[in-house]
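The values are calculated or read from the model by the stated rules, or taken from the named source; none is laboratory data. What you see is a predicted model; the values in this text were computed from it and never measured. Cβ coordinates were reconstructed from backbone atoms using ideal geometry, including for glycine residues, and neighbour counts include every protein chain displayed. SASA here: full protein model, heavy atoms, side chains in, ligands and nucleic acids out. Shrake-Rupley method; radii C 1.70, N 1.55, O 1.52, S 1.80 Å.
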Amino acid sequence: MVNIAKPVKKFSMSYSKLLQKSRVMRNSFMLYKSDFIILDPDYDDSFADKWLSAIDIAAACNIDESVRSEQTGKTVNVENVMEKCREKFAETIRFVKKAFPGNTPVINEFGDNVYRKIKNNQVEMGRFMQNLY
C-alpha cells in the first residue's frame, strides 16, 4: 500500500484571505509593472497572466473547509427528508391499522414489518417510500 503524504498548509491565514492578499499584491504589481520590468525583464505580461491564472485556479479549488460545509448542509437536508418520511409513515400506518385492525398481513403490505429495519437507512428509506406510495 502506498502512503500518500497529507498536504501541509504552510501559511497561517485562511484560504480566502490568502487569495484576497494575492489579488491585492497582483493589482499593486500591475500598477508598478514597468518598474518591475526594469528591475527584472521576467516580470512581463506573461508573468502577470500566469499569476492571475494561478489565483483563478486556486479560487476554483474546493478546499477542505468548503467541502465539509457543503457535506454538512447536504446531511442536514437528507436528515430533514428522512424525518418527513418517518412522519409520513407513522401517519399512514396509523390509518392502516385503524382501517384494518388486527389484520397483520394487510398491515405488513404497507411496510409495518420492514420499517424498523430501514428507518435509519437513507437508500432503503427512499425505496421504502416509493413502494409505500
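Taking all protein chains into account, the per residue accessible area for the chain stands at 81 Å² (1.4 Å probe).
Placing +1 on the Cβ of every Lys and Arg and -1 on the Cβ of every Asp and Glu, with nothing else charged, gives the chain a dipole about its Cα centre of roughly 880 debye.
Taking 1.306 mPa s as the viscosity and 10 °C as the temperature, the Stokes-Einstein diffusion coefficient of the chain based on its alpha-carbon Kirkwood radius rounds to 77 µm²/s. Cross-link pairs exceeding 23 Å between alpha carbons, from the set Lys21/Lys74; Lys88/Lys117; Lys9/Lys33; Lys10/Lys74: Lys21/Lys74; Lys9/Lys33; Lys10/Lys74. Surface composition of the chain: carbon and sulfur make up 57 percent of the accessible area, probe 1.4 Å. Under the simplified labelling scheme, the Asp49-Glu79 pair shows an inter-label distance of 4.9 nm, with each label point 7 Å from Cα along Cα→Cβ. Computed packing ranks the peptides 8-14, 55-61 as 55-61, 8-14, most packed first, by mean other Cβ atoms within 10 Å. Each of Tyr15, Val81, Tyr32 was placed along the dipole of the chain (beta-carbon charges, centred on the mean Cα), and the one lying farthest toward the positive end is Val81.
Can you send over the solvent-accessible area of Asp35, 1.4 Å probe, protein chains only, in Å² to the nearest 10? Number for this one is 90 Å². Partners of Lys17 within straight-line reach, counting aspartates and glutamates whose Cα lies under 18 Å from its Cα and excluding those fewer than 8 residues away in the same chain: Asp56, Asp64, Glu65. What does the extension gain come out to for Ser14 and Arg127, with contour length at 0.36 nm per residue minus their alpha carbon separation? In short, 36.5 nm is gained.
Bridgeable aspartates and glutamates around Lys84 (alpha carbons under 19 Å apart, same-chain partners fewer than 8 residues away excluded): Asp112, Glu124.
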